[in-house]
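Enquirer: My questions will all concern the structure given below.
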Amino acid sequence: MQVSGQKIVVLGTGGTIAGTSAQAGDNIGYTAAQVGVEQLLTAVPGLQALAGGALVAEQVAQIDSKDMDGEVWRTLSLRCAHHLNDSEVRGVVITHGTDTLEETAWFLHEVLDAAKPVVLTCAMRPATALTPDGPQNLLDAVATVLAPGATGVLAVAAGEVHGARHVQKVHPYRVNAFSSGDAGPLGWVEESVVRWACNSPVVPVNNTVGAMNNIVSAATWPWVEIVMNHAGASGRAVDALVREGVQGLVVACTGNGTIHHDLEAALVRAQNAGVRVVRSTRCAEGQLLPKPGDALPASQGLSPVKARVALMLDLLRMHCCLLYTSDAADE
Ligand code: ASP
């Protein structure tokens, strides 16, 4: 779609960026998701000016992102799609907690037809901290929406622009908590100007046809769990999950996709029983390289949490295909 508008919509979902603490020096004993998104924007000097006075705030949720779930994702993706379809809108900023930001980024990447930029931002320090990082991150997120060439789902924090596929929270405390591992950031925000890491900052936009429809029409989300391989791993948790009706399992494998033989046997049993099983790696960097003859498929480079999102969407697609097919047969 042609970008003609200048409006920048900021969707608030909570997180530390909206958190408050009783003591300014307390960077861990705060409560996330307390300050409304409108108030967050007002508190950043120069933000409206940078956006040409065209910022619009909307509160979609007010949660600590550890509690992120399918219902908030459904609402958030629908609001994003609504605004992206508006020719007056230049792009969308989402304020989000850092803990599950990478999962929401990947989910939105998979379901939105985001030719316009959708920029997630966050903070590692609450709004009441001695040196909160949220205001600068908000300014940088808006600058990224305005940057020539910005497209797709991006994450902006600590002066870096990351793509949805590789971004990961890698540190529980420091302010620059995000990394794209081997891939590196897509760019940097310097004094409200984005310097892209390559000459043509084109972020591939996924073919998302149908994904939003599936999300809207599904009554419930598919049940997909993550299990981890480790020394002494057994298959008992997997057997129990299968008994309870789990539909998908992502394995955070050791190294290049290795799994303790007891756990692997249970996973193969699960797969034979119709449960979708996907292998990822628990290694913080790099990606699992599949080899011919592997009994369990690999996650195509996705981390365990993003492989879970991808598998949920795939199961949703298959479920909706079945529904559509049986509807058509009934007619
Ligand atoms: N627990 C917070 C959240 O994810 C952490 C943060 O935002 O930094 O909402």
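Enquirer: For region 20-44 and region 167-187, write down the distance between their C-alpha centroids in whole Å.
Expert: What the calculation gives is 22 Å, centre to centre.
Enquirer: Next question, about the same structure. Going Cα to Cα from LYS7, which aspartates and glutamates come in below 20 Å? Please leave out same-chain ones fewer than 8 positions away.
Expert: GLU38, GLU58, ASP86, GLU88, ASP113, ASP140
Enquirer: While we're on this one: If we count every other residue with Cβ under 12 angstrom of THR100's Cβ, Lys/Arg +1 and Asp/Glu -1, where does the sum land?
Expert: Residues near THR100 contribute -2 overall.
Enquirer: Amide H to amide H, which residues 5 or more places from VAL194 or on other chains are under 5 Å from it, using H placed in the peptide plane?
Expert: Under 5 Å from the amide H of VAL194 lies no amide H from a residue far enough along the sequence or on another chain.
Enquirer: Something else about it: Could you tell me the accessible area of VAL37 in Å² (1.4 Å probe, neighbours in place), rounded to the nearest ten?
Expert: Only protein atoms counted, so the area is about 10 Å².
Enquirer: Over the C-alpha atoms of region 71-204, what are the Rg and the largest Cα-to-Cα span, Dmax, in Å?
Expert: Cα radius of gyration and Dmax of region 71-204 are 13.8, 40 Å respectively.
Enquirer: Restricting to region 107-190, compute how many DSSP beta bridges are antiparallel as a %, nearest 5.
Expert: Once the DSSP bridges in region 107-190 are tallied, antiparallel ones form about 60 percent.
Enquirer: Once you have the Kirkwood Rh of the chain from its Cα pairs, apply Stokes-Einstein at 37 °C and 0.692 mPa s and quote D in µm²/s.
Expert: 158
Enquirer: Which whole-number value in Å² is the accessible area per residue of the chain, probe 1.4 Å?
Expert: Computed with neighbouring chains in place, this is 46 Å² per residue.
Enquirer: Excluding residues on the same chain fewer than 8 positions from LYS66, give the lysines whose Cα lies under 25 Å from its Cα.
Expert: LYS169, LYS306
Enquirer: Considering only protein heavy atoms and a 1.4 Å probe, what is the carbon-and-sulfur percentage of the accessible area of the chain?
Expert: Ligands and nucleic acids excluded, carbon and sulfur give 53 percent.
Enquirer: Take the Cα gyration tensor of region 27-96, multiply each eigenvalue by 5, square-root it, and list the three semi-axes largest first, rounded to whole angstrom.
Expert: Gyration-tensor ellipsoid for region 27-96: 23, 20, 7 Å.
Enquirer: Stretched out fully, how many nm does the piece from ASP239 to ASN85 gain, at 0.36 nm a residue minus the Cα gap?
Expert: Once the chain is fully extended between ASP239 and ASN85, it gains 51.0 nm.
The values are calculated or read from the model by the stated rules, or taken from the named source; none is laboratory data. Just so we're clear, the structure is a prediction, and the values are computed from it rather than from any experiment. Neighbour counts are summed over all protein chains in view; Cβ atoms, including those assigned to glycine, are modelled from backbone coordinates with ideal geometry. To get the accessible areas, we keep the full protein, side chains included, count just its heavy atoms, and leave off ligands, DNA and RNA. Shrake-Rupley method; radii C 1.70, N 1.55, O 1.52, S 1.80 Å.
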